[in-house]
Amino acid sequence: MKVYIEDLKFLTIIGILDFERTTPQEIIVKLSLEYHYEEQFINYADVSQHIKETLQTQQFLLIEDALLFLQDSLKKEFSTITTLELKITKPSIMPDCMVSVGIFKDFNS
């Protein structure tokens with residue numbers, strides 16, 4: 001099975017610039033994951049809540065560190081995940097574009 005979460009938007013502290021450390025900014029998270037479905041399913045609401053809570057409580061400096069932490073914490077929380085793709089976007093950090101960083105992990109390899 002494959003779960004998609006697109007355009008999960010919320011405010012959090014993330015970034016290395018001075019104002020990013022004091023003022024929450026909007027981020028957008030996109031996720032797709034595959035998992036072994038055998039009578040137990042992965043609840044997308046639980047995944048969304050896990051992402052929000054993690055990113056709002058940890059207050060990462062770099063998107064890269066947030067992605068690596070999320071990758072591990074999602075696998076720990078939802079052990080049947082086989083592949084995971086995550087992207088975090090900052091829609092307002094630059095005046096003329098949105099910037100994103102993404103990660104892909106195949107837990108089978």
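The values are calculated or read from the model by the stated rules, or taken from the named source; none is laboratory data. Keep in mind that what you see is a predicted model, and the values were worked out from it rather than measured. Glycine also receives a Cβ, built like all others from the backbone with ideal geometry; neighbour counts cover every protein chain displayed. Please note that ligands, DNA and RNA were not included when accessible areas were found on the heavy atoms of the full protein model with its side chains. Shrake-Rupley method; radii C 1.70, N 1.55, O 1.52, S 1.80 Å.
Each residue in the range 54-89 was checked for being over 25 Å from D18 (Cβ atoms), among the hydroxyl-bearing types (S, T, Y) and open to solvent by 80 Å² or more (accessible area, probe 1.4 Å), and 1 of them qualify. When E64, E26, E34, E53 are checked against the criterion of being over 17 Å from P91 (Cβ atoms), modelled with pLDDT of 95 or more and in contact with a Ser or Thr (Cβ under 7 Å, 6 or more places away or on another chain), E34 stands alone in meeting it.
It is to be established whether one or more residues within the range 68-80 are part of a strand (DSSP E or B) and not hydroxyl-bearing (S, T, Y). No. Give the residues of the range 11-53 that are buried (at least 16 other Cβ atoms within 10 Å of the Cβ), in contact with a strand residue (DSSP E or B) (Cβ under 7 Å, 6 or more places away or on another chain) and hydrophobic (A, V, I, L, M, F, W, C), sorted by residue number. Scanning the range 11-53 gives I14, I27, I28, V29, L31, L33, I42, V47, I51.
So which of E34, E26, E38 is closer than 18 Å to D106 by Cβ, charged (D, E, K, R) and not in a helix (DSSP H, G or I)? Residue meeting the stated conditions: E34.
Look through the range 90-99, keep the residues that are open to solvent by less than 60 Å² (accessible area, probe 1.4 Å) and modelled with pLDDT of 95 or more, and return whichever of them is farthest from the chain's Cα centre (by Cα). Among them, the one singled out is C97. You will find that of E53, E20, E85, E34, the residue that is of a type in the set (D, E, K, R) and touching a Phe, Trp or Tyr at 6+ places or on another chain (Cβ under 6 Å) is E85 and no other.
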